[in-house]
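Asker: One structure follows; several queries about it will come next.
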Amino acid sequence: MDFEKIKEFVLEKKLYFIVAVVLLVGGLWLKKGDEAEDSYDNAQKMSQSSSANTSASAKVNSASSASNSATTNSKTVTCDISGAVKHQGVYTLKNGARLQELIEAAGGTTGKAQLKAINRAILLKDQDKIHIPYKGEKVESAATAGTGTSTNSTSTSSNSSASNQESGEKVNLNTADVAGLQKLTGIGEKKAEQIIAYREQNGPFKKVEDLMQVSGIGEKTFASLKDQLTV
């Protein structure tokens with residue numbers, strides 16, 4: 001073997017060898033760089049996705065907590081008051097208000113209010129419907145009249161009147177509700193509402209004949225009803 005010729009060949013081609021080595025090394029370096037960049041991008045995307053999910057979950061929980069807090073810690077209560085007050089209607093008061101404050105918001109009681117039958121110190125709850133009884137109006141008891149969530153202070157008596165009518169007993173004009181009054185011969189929902197409106201505006205009926213003071217109830221109608229009535 002001619003070593004001199006091999007040596008000369010290597011010396012002549014060494015530049016090509018160097019370039020080839022550089023290109024090979026450079027290619028390997030670029031490939032590793034791309035792989036590292038792809039790995040970094042994937043890791044960054046996963047981190048961003050995780051952060052977004054965490055943020056969304058936090059917002060949902062925050063909104064839910066705020067809603068629950070608003071419901072639990074409402075600063076106001078809205079109540080409906082009727083009966084022997086100057087201005088019947090719906091009023092909004094601060095949370096923790098008592099019945100006396102609702103009465104004052106309604107302009108105070110009329111001279112026909114049966115004050116001994118109500119507890120003006122009770123705490124109001126949202127959506128309470130309060131009825132202030134008139135003098136002479138029958139109420140269940142002084143302890144429960146005009147309280148809390150009952151639709152009015154005489155709801156129990158009203159239901160009792162309807163039950164009594166079904167068993168042949170008389171309907172009390174001062175305690176019967178719309179359903180109870182409709183048990184009377186010829187009295188529909190509209191007429192029953194007119195009777196109750198008259199009672200709330202003028203106070204309890206003193207005698208059954210006072211029913212003829214209600215618009216649309218004349219002597220003939222009253223004659224067919226009088227045996228079914230009481231006060």
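Read the figures in this text as sums done on the coordinates, not as results from a lab. Keep in mind that this is a model prediction, so the values were computed, not measured. Here Cβ is always computed from backbone atoms with ideal geometry, including for glycine, and neighbour counts include all displayed protein chains.
Asker: What ranking of Leu225, Leu181 emerges when the number of other C-beta atoms within 10 Å of each C-beta is taken as an exposure proxy, fewest first?
Answerer: In order of increasing Cβ crowding within 10 Å: Leu225, Leu181.
Asker: Taking the highest mean first, how do the peptides 215-221, 116-122, 106-112 order by number of other beta carbon atoms within 10 angstrom per residue?
Answerer: Working: 215-221: 11.7, 116-122: 16.3, 106-112: 14.4.
Those peptides, ordered most packed to least, come out 116-122, 106-112, 215-221.
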